[in-house]
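J.: Have a look at this one.
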Amino acid sequence: MALRLNTLPLTNINMNIGSDEKKAVARFLNFLLSGEKIAHRCSARQAGLCEDGAMRRFLLSQSRQEKFHAITFQSAILWLAPKGVESLAQKQMQQYESMLMEATDNNNLFSSVVGLQVILEGMGDIALSHIETGIEQRGIGYQKIRRAILAQEDSHHEFGLNYLKTNIAPESISGHIDNYLTVVDEMLDSVHGLFDYFDEDINQYKAEFDYILPNWIHENALSHYPNA
């Protein structure tokens, strides 16, 4: 789906919601913004590792979409909290990006796809879906843009799942999966207050996140899933 930056419906935000609600939404968007920036940079690097033209074009398209998502979130944050909000889970975000960059530096496209499109995009897809109801109830706006972003994030995750089905994993992948999942778990724990604010149970979210991950992830991350 092609979206133009000048179609951002900034004036569609309901500015009559309370200041605490505005800040809560802005903090959540700022959390997502960090992930979008990581995805933008990583998918561009992934494209440079691809020999397959169609895959390279998809990843370049993803990188552009992630940049658009970041701009959208930045615009919404500015409207909701002009003085800014604190950045959540920055330590974990930096750790996660370092792992993805290490994978691409080592030409390990498989590990980077697992980390970005399968795990991180999967987490973001569910987070957006869960918080969507709370945002809708508060009349925050951005309805069309939110739905477009959700559809794009879903396509990125689906790309990762399809990649796993058609490519052979390197022997070192189990350790990478454990590291990705551990940091994501810590990341979610650090923002549980936001989920509480939107009346979402972080543990239910984690369970759903585990459920949407393919069996292959569980089978190759035994230390993270002892009962797998």
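J.: Scan region 65-90 for residues that are of a type in the set (D, E, K, R) and either in contact with a Pro (Cβ under 6 Å, 6 or more places away or on another chain) or without any contact (Cβ under 8 Å) to a residue 12 or more places away in the chain (or both) and report the count. Please lay out each step first, then the result.
T.: So in region 65-90, the residues of a type in the set (D, E, K, R) come out as 66-67, 83, 86.
Still in the running and either in contact with a Pro (Cβ under 6 Å, 6 or more places away or on another chain) or without any contact (Cβ under 8 Å) to a residue 12 or more places away in the chain (or both): 83.
Matching residues across region 65-90 total 1.
J.: Looking at region 45-85, which of the residues that are hydroxyl-bearing (Ser, Thr, Tyr) and closer than 15 Å to Gln117 by Cα is surrounded by the fewest Cβ atoms within 10 Å (Cβ to Cβ)?
T.: Checked region 45-85; the qualifying residue surrounded by the fewest Cβ atoms within 10 Å (Cβ to Cβ) is Ser61.
J.: Filter region 118-139 down to the residues that are small (Gly, Ala, Ser) and closer than 21 Å to Asp201 by Cβ, then identify the one that is modelled with the highest pLDDT.
T.: Of the residues in region 118-139, the ones small (Gly, Ala, Ser) are 122, 124, 127, 129, 134, 139.
Now drop any that are not closer than 21 Å to Asp201 by Cβ, which leaves 122, 124, 127, 129, 134.
Details: Gly122: 92, Gly124: 86, Ala127: 80, Ser129: 76, Gly134: 61.
The qualifying residue modelled with the highest pLDDT is Gly122.
J.: Right, something else. Does Gln95 satisfy the criteria of being in contact (Cβ under 8 Å) with a residue 12 or more places away in the chain, polar (S, T, N, Q) and within 20 Å of Val183 (Cβ to Cβ)?
T.: Yes: the conditions hold for Gln95.
J.: Right, next: Residues to consider are Tyr96, Tyr142; find the one that is aromatic (Phe, Trp, Tyr), at pLDDT 95 or above and surrounded by 15 or more Cβ atoms within 10 Å (Cβ to Cβ).
T.: Working: Tyr142 fails: at pLDDT 95 or above.
None of the others qualify; the one that does is Tyr96.
J.: Which of the following residues is at pLDDT 80 or above, closer than 17 Å to Gly115 by Cα and in a loop (DSSP other than H, G, I, E, B): Glu186, Glu158, Glu153, Glu171?
T.: Glu171
J.: Let me ask something else about it. Go through region 153-176 and give me each residue that's among the hydrophobic types (A, V, I, L, M, F, W, C) and out of contact with any Phe, Trp or Tyr (no Cβ under 7 Å at 6 or more places or on another chain).
T.: If the condition is that a residue be among the hydrophobic types (A, V, I, L, M, F, W, C) and out of contact with any Phe, Trp or Tyr (no Cβ under 7 Å at 6 or more places or on another chain), then Leu161, Ile168 are the ones that fit.
J.: Return the pairs, sorted by first residue and then second, in which the second residue is part of a loop (DSSP other than H, G, I, E, B) and acidic (Asp, Glu), the first residue lies in region 47-64 and is more than 13 Å from Tyr163 (Cβ to Cβ), the beta carbons are less than 6 Å apart, and the residues are 6+ apart or on different chains.
T.: Taking only residues 6 or more apart or on different chains, not a single pair turns up.
J.: In region 75-112, which residues are of a type in the set (A, V, I, L, M, F, W, C) and either assigned to a loop (DSSP other than H, G, I, E, B) or farther than 25 Å from Lys165 by Cβ (or both)?
T.: Selection gives Ala76, Ile77, Leu78, Trp79, Leu80, Ala81, Val85, Leu88, Ala89, Met93, Met101.
J.: Quick one: is Phe195 in a helix (DSSP H, G or I), over 18 Å from Glu121 (Cβ atoms), within 16 Å of the chain's Cα centre (by Cα) and in contact (Cβ under 8 Å) with a residue 12 or more places away in the chain? Even if it seems obvious, please write down each step before you answer.
T.: Numbers: in a helix (DSSP H, G or I): yes; over 18 Å from Glu121 (Cβ atoms): yes; within 16 Å of the chain's Cα centre (by Cα): yes; in contact (Cβ under 8 Å) with a residue 12 or more places away in the chain: yes.
Spelling it out, Phe195 is indeed in a helix (DSSP H, G or I), over 18 Å from Glu121 (Cβ atoms), within 16 Å of the chain's Cα centre (by Cα) and in contact (Cβ under 8 Å) with a residue 12 or more places away in the chain.
The values are calculated or read from the model by the stated rules, or taken from the named source; none is laboratory data. A quick note: this is a predicted structure, and the numbers were derived from the prediction, not measured. Every residue, glycine as well, gets a Cβ built from its backbone with ideal geometry; the counts of neighbours run over all protein chains shown.
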